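Just so you know, all these numbers are worked out from the coordinates, no wet-lab data involved. What you see is a predicted model, and the numbers here were worked out from it, not measured in a lab. Here the Cβ positions follow ideal geometry from the backbone for every residue, glycine too, while neighbour counts run over all protein chains shown.
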Amino acid sequence: MPDTAPDHLLHVGDRAPVFTLPDEHSLPISLLDFRGTKTIVYFYPRAMTPGCTTQACDFRDSLGPLQTAGYLVVGISKDSPERLARFAERDHLTFPLLSDSDLAVHRRYGVWGEKKLYGKVVTGVRRSTFVLDENGILTHTFYNTKATGHVAMLRNRLGV
């Protein structure tokens, strides 16, 4: 079985699926809240794990240049708001972390399903990033990304 993205993929030019999810403070955040602003939405497997921490800290450390270029960053995982709050506090993360505990948004974005992990087929989150323009249209889609180096590659692609 290939370790490619699932049957339902989003593509550049598609409208990003709208969602409302609780953040690390259990407050509802909607994708519509970010209309009018370029937005980076990234999905990661689990807060406070080594790879996810690396990726989150890379986003944190790149927030200045990304914000200067007009981008907001939002991270989404299946973790509870309580775990996300601990993650944000521990690693000084200052962008929203959203909880998709029932995986409905993961499925709508095509990031939940079978993947290869250490040579075995497992079901889980495919680390992925989506860049939206001010109108919620996808300008970049990155499925099956690596935690290390992804933010640098993303900044390069965005010219930031």
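For the reader, a short list of remarks on this structure follows.
- Under the combined filter of DSSP loop state and at most 14 neighbouring Cβ atoms within 10 Å, the range 78-134 retains these chymotrypsin sites (Phe, Trp or Tyr not before Pro): TYR118.
- Taken about its Cα centre, the chain carries a charge dipole of roughly 440 debye when the Cβ of each Lys and Arg holds +1 and the Cβ of each Asp and Glu holds -1.
- Distant-in-sequence amide H partners of ASP100 (H built 1.01 Å from N, under 5 Å): SER77, LYS78, ASP79
- Along the chain, the exposed loop sites are trypsin sites (Lys or Arg not before Pro) outside DSSP states H, G, I, E and B with at most 16 other Cβ atoms within 10 Å, and the longest stretch free of them is 47-145.
- Sorted by Cβ neighbour density within 10 Å, fewest at the top, the residues HIS140, HIS106: HIS140, HIS106
- Computed [θ] at 222 nm, deg cm²/dmol, the chain (DSSP H ≥ 4; -39,500 (n - 2.57); rounded to nearest 500): -8500 deg cm²/dmol
- Compared with the direct C-alpha span, the chain from SER30 to GLU82 gains 16.8 nm at full extension, assuming 0.36 nm per residue.
- Cleavage-rule hits (GluC sites (Glu not before Pro)) in the range 76-160: DSSP loop, at most 15 neighbouring Cβ within 10 angstrom: GLU134
- Rounded D (µm²/s) - the range 20-158, Kirkwood Rh over Cα pairs, Stokes-Einstein at 20 °C, 1.002 mPa s: 142
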